[in-house]
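Visitor: Have a look at this one before I ask anything.
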Amino acid sequence: MADWVVVGAGNPDGGDDRVGHVVVAALVDTAPEGVDLLQMMRADPAALMGAWAEAGKAIVIDAMESGASAGTVQRFDVTYDPLPAGVRVASTHALGVDTAVEMARALGRLPGRISVYGIEGGDFSIGGGLSPEVAAAVPVAVEMILEEIALPEG
């Protein structure tokens, strides 16, 4: 059982929607032992619950739409509370991370600690790469995630 699981969700062919995958790829060489890194094509609730089922702590990264500027990185502790109203962490997926978290909460299947990192997207064009603003946010998100993983219990 891993201490942590870090899941990058999104469409790897969907412009800024691929940012979760890019962040996880950037963590490959820097994540400490005890951290499982996963990439998921979609934020399917059942698949996400399965991904964090054996972990004590989880982080999910996905593109979001909240009205903030493209490239804005926001962290949400959803251990006890849902994502704020108006934050949509589901750009090109039918169901999103928010649905997965709330379904897991209702079923008593949330890990002991769970955070969602949303990176505001700007361009979700199929076949496109990351926009410059979202690409610049990747190292910011990586640093924030590494800092969270390093925090002592408490």
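The values are calculated or read from the model by the stated rules, or taken from the named source; none is laboratory data. Predicted model only: the values in this text are computed from it and were never measured. FYI the Cβ positions are ideal-geometry reconstructions off the backbone, even for glycines, and counts take in every protein chain you see.
Visitor: Filter region 42-70 down to residues that are surrounded by fewer than 22 Cβ atoms within 10 Å (Cβ to Cβ) and in contact with a helix residue (DSSP H, G or I) (Cβ under 6 Å, 6 or more places away or on another chain), then give me how many there are.
Guide: 3
Visitor: Shifting gears a bit: So the check is Cβ under 7 Å with 6+ separation or different chains; which pairs have a first residue in region 25-43 that's at pLDDT below 95 and a second one that's of a type in the set (S, T, N, Q) and not in a helix (DSSP H, G or I)?
Guide: M41/N11
Visitor: S69 passes all but one of (1) hydroxyl-bearing (S, T, Y); (2) modelled with pLDDT of 85 or more; (3) under 15 Å from the mean Cα position of the chain (by Cα); which number fails?
Guide: Of everything listed in (1) hydroxyl-bearing (S, T, Y); (2) modelled with pLDDT of 85 or more; (3) under 15 Å from the mean Cα position of the chain (by Cα), S69 misses just condition (3).
Visitor: Only residues that are under 18 Å from M64 (Cβ atoms), of a type in the set (D, E, K, R) and not in a strand (DSSP E or B): list them for region 106-139, please.
Guide: Across region 106-139, the qualifying residues are D123, E133.
Visitor: Considering every residue within region 30-41, establish whether at least one is small (G, A, S), part of a strand (DSSP E or B) and surrounded by 16 or more Cβ atoms within 10 Å (Cβ to Cβ).
Guide: No, region 30-41 has no match at all.
Here's the yes/no breakdown for (1) at pLDDT below 95; (2) surrounded by 18 or more Cβ atoms within 10 Å (Cβ to Cβ); (3) within 13 Å of G10 (Cβ to Cβ):
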| residue | (1), (2), (3) |
| --- | --- |
| P82 | yes, no, no |
| D98 | yes, yes, no |
| G112 | yes, no, no |
| I119 | no, yes, yes |
| F124 | yes, yes, yes |
| G127 | yes, no, no |
| I145 | no, yes, no |
